[in-house]
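Here's the structure we're looking at; comments come further down.
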There are 2 protein chains.
Amino acid sequence: MQLHLLHEDDFFKWDIILKKNSRLSLALHTLAHMANAPDKIRTSADIAEHAGTNPVVVRRVLGHLRLAGLLVSEKGHAGGWRLARSPDKITLADVYLALDESLISSSDEVKSHNCSLERALHNRVADIMSDIEESLLDRLKATTIVEICE
Amino acid sequence: MQLHLLHEDDFFKWDIILKKNSRLSLALHTLAHMANAPDKIRTSADIAEHAGTNPVVVRRVLGHLRLAGLLVSEKGHAGGWRLARSPDKITLADVYLALDESLISSSDEVKSHNCSLERALHNRVADIMSDIEESLLDRLKATTIVEICE
DNA sequence: TTATCTAGTAACTATCATAGTTACGTAATA
DNA sequence: TATTACGTAACTATGATAGTTACTAGATAA
């Protein structure tokens, strides 16, 4: 039925490219607004309305930023979200890493590389992908949240 | 029903990140094998079996490379696929661009940026994304198909 | 001429990631 | 004690991708 069952040499995959993913945008959007008025506490409902999405989605995304120590949240009356530290100490790399995405997906399913060509190919490309991710991070580290809303 | 209908300030999106996408891998895999034996003509069925996928998928992906002038294909008896030029003249950037993917997706749906903050944010991030894609391309241009299978 | 082989492509299905949504538990406070 | 807001599970809807079937067009061998 499926051709790839016929061949044990399971195909390996890399991906650069983009994902249909608005988490990064939502995170940056929110952080930028917070940087402009750091003392204001915002509820997920406020943020969702401003960003045109749903409070649960907001809590989901900002939860990653909380885990990464970029935001703090408080429950109950007068609760909500605020920056955990000065916005000039938060870089785009912090945000990117907080969202736990990776530029490179070298599939785990890399099994038997029968031919040496495939092994070589895999290693070469993996090295290049590492280079690329490193330079991506360097570029993101160079910009803080404050700078993107000046 | 949908909150984003309540707010005209339609949210804009960027994406870095990766897509679940094996086209790049299939393309590189195939090109690397062709570089090793440039005179051999390969059918989509051969390639599919070796890559563990389906001939139609192969023709779909390689079709992009043909449009980009990296491969040629011939129909009929003894037809199939081969390199359109020397593999040391094909860089990873050629392949990446042939597949018509873009690292950056600054959504077309960027409508009204009501607040100036959003305009600034959008412009800043777009600039950074351009930087990143440029350096990605530079890195990919630096490696040829021949080099990834040495 | 005819059979065969191969690319090109449309159309459909299956799978998966994501976002959106509802619902409810937990914690804080007026 | 009622209210507010986060935390999170569970479900649905949507869209991208790959896989698959089936067909057409073109090229060659017999």
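Tabulated data for the structure shown
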quantity: Within 10 Å of each Cβ in B:29-36, the average number of Cβ atoms from other chains; calculated: 3
quantity: Table column - 3J(HN,Hα) (Hz), region B:23-31, Karplus curve with 6.51, -1.76, 1.60, x for Gly and Pro; calculated: 5, 4, 5, 4, 4, 5, 3, 5, 4
quantity: Shielding by other protein chains, A:38-49, mean Cβ within 10 Å; calculated: 1
quantity: Linear extension gain, A:Lys75 paired with A:Asp127, 0.36 nm per residue minus alpha-carbon span; calculated: 14.2 nm
quantity: Calculated FRET value between A:Ala120 and B:Ser116, using beta carbons and R₀ = 45 Å, to 0.05; calculated: 0.30
quantity: Buried accessible area, chains B and A (both chains, 1.4 Å probe, Å² to nearest 100); calculated: 5200 Å²
quantity: Sequence-distant residues sharing a close amide H with B:Leu71 (under 5 Å, placed H); calculated: B:Arg66, B:Ala84
quantity: Shortest-first distances to equivalent copies, position B:Val56, nm, label 7 Å out along Cβ; calculated: 3.6
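The values are calculated or read from the model by the stated rules, or taken from the named source; none is laboratory data. Quick caveat, the model's predicted, so the values are computed rather than measured. Virtual Cβ from ideal backbone geometry, glycine too; neighbours counted across all protein chains shown. These area figures cover heavy atoms from the full protein model, side chains too; ligands, DNA and RNA do not enter into them. Shrake-Rupley method; radii C 1.70, N 1.55, O 1.52, S 1.80 Å.
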